[in-house]
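To start, the structure under review is shown below, and the notes come after it.
Any read-out appearing in this document is the output of simple, stated calculations on the displayed coordinates, not a laboratory observation. Quantities reported herein were computed from a predicted structural model and do not represent experimental measurements. A quick note on method: Cβ atoms are made from the backbone with ideal geometry, for glycine too, and the neighbour counts reach across all protein chains shown.
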Amino acid sequence: MRAHEIDYTIFGEEMQYVEIELDPQEVVIAEAGSFMMMDNGITMQTIFGDGSDQQQQGIFGKLLSAGKRVLTGESLFMTAYTNASMQKRRASFASPYPGKILPIDLSEFGGKFICQKDAFLCAAKGVSVGIEFSRKLGRGLFGGEGFIMQKLEGDGMSFVHAGGTLAKRELASGEILKVDTGCIVGFTQNVHYDIEFIGGIRNSLFGGEGLFFATLQGPGTVYIQSLPFSRLADRIIASAPRSGGNSREEGSLLGGLGNLLDGDNRF
């Protein structure tokens, strides 16, 4: 095996974190900002790219690998955590928003898994974190994730995070699943991913679900999230207080009149 063999435990329900157990000299790589805690004896090193064997050697190769990560919206840098002691040590990494952490054993998925751009959390050293270009113009423009998704390659453990509740679907050959474009977490390499126009003027203008579905055709495994971060962010922004005002009237049929009746005459 090229990737380090790591043990792990996932803790929590709504706000999860994953604890990685490292044998001496074992390494886990993680996104910048995902670190939670670690035992004494583990060293940290900031690296370009993912540090895998697939990453090209030399400064140009490392810059190219790191530049590809920028296209997926991630940082130029990743952090490698190495157990430099002679005993087992643990490091923990937290999900950035409410949801679930999904462990992916790449050896069980043919060595490749495709996921949304911001899904990757951490992985055993040796796993390659790259980019997957969409070859179809329509999928790139309207597919929710744009032209680029992340791909995880290798034979080790990887961890991705999803918002809300996580659903797993096993698709038979030719079976099609229609999904909101933002709700896709990831899928195996044999799944065919495309988009489909919802159709109908009323559905398009007043349905509130956008203009397109994502269509996922088997065979393969698909993971779906119930609360994409973009949807959560939209709700937070919509509920934020307006400038110079009090937001308590939001959601009330009385609006400003309700404030007047309860003794608050500020509008």
Return the FRET efficiency for the residue pair Ser239, Glu175: r is the Cβ-Cβ distance, R0 is 30 Å, and the value is rounded to the nearest 0.05. 0.20
Full-stretch length increase - Met36, Ile148 - with 0.36 nm per residue and alpha-carbon distance subtracted: 37.5 nm
Give, as ranges by residue number, the residues of the stretch 149-167 whose backbone N falls under 17 Å from the point 7 Å along Cα→Cβ of Glu14. 162-166
In whole Hz, what ³J(HN,Hα) sequence does the stretch 81-90 give by Karplus (6.51, -1.76, 1.60; θ = phi - 60°), x for Gly and Pro? 10, 10, 7, 8, 8, 9, 10, 5, 9, 10
Can you list the HN-Hα couplings for the stretch 28-42, worked out from phi with the Karplus curve (6.51, -1.76, 1.60; θ = phi - 60°), rounded to whole Hz and with x for Gly and Pro? 10, 9, 8, 5, 4, x, 8, 5, 10, 6, 7, 6, 5, x, 9
Out of residues 5 or more away from Tyr8 or on other chains, whose amide H comes under 5 Å of its own, with H placed 1.01 Å from N in the peptide plane? Glu21
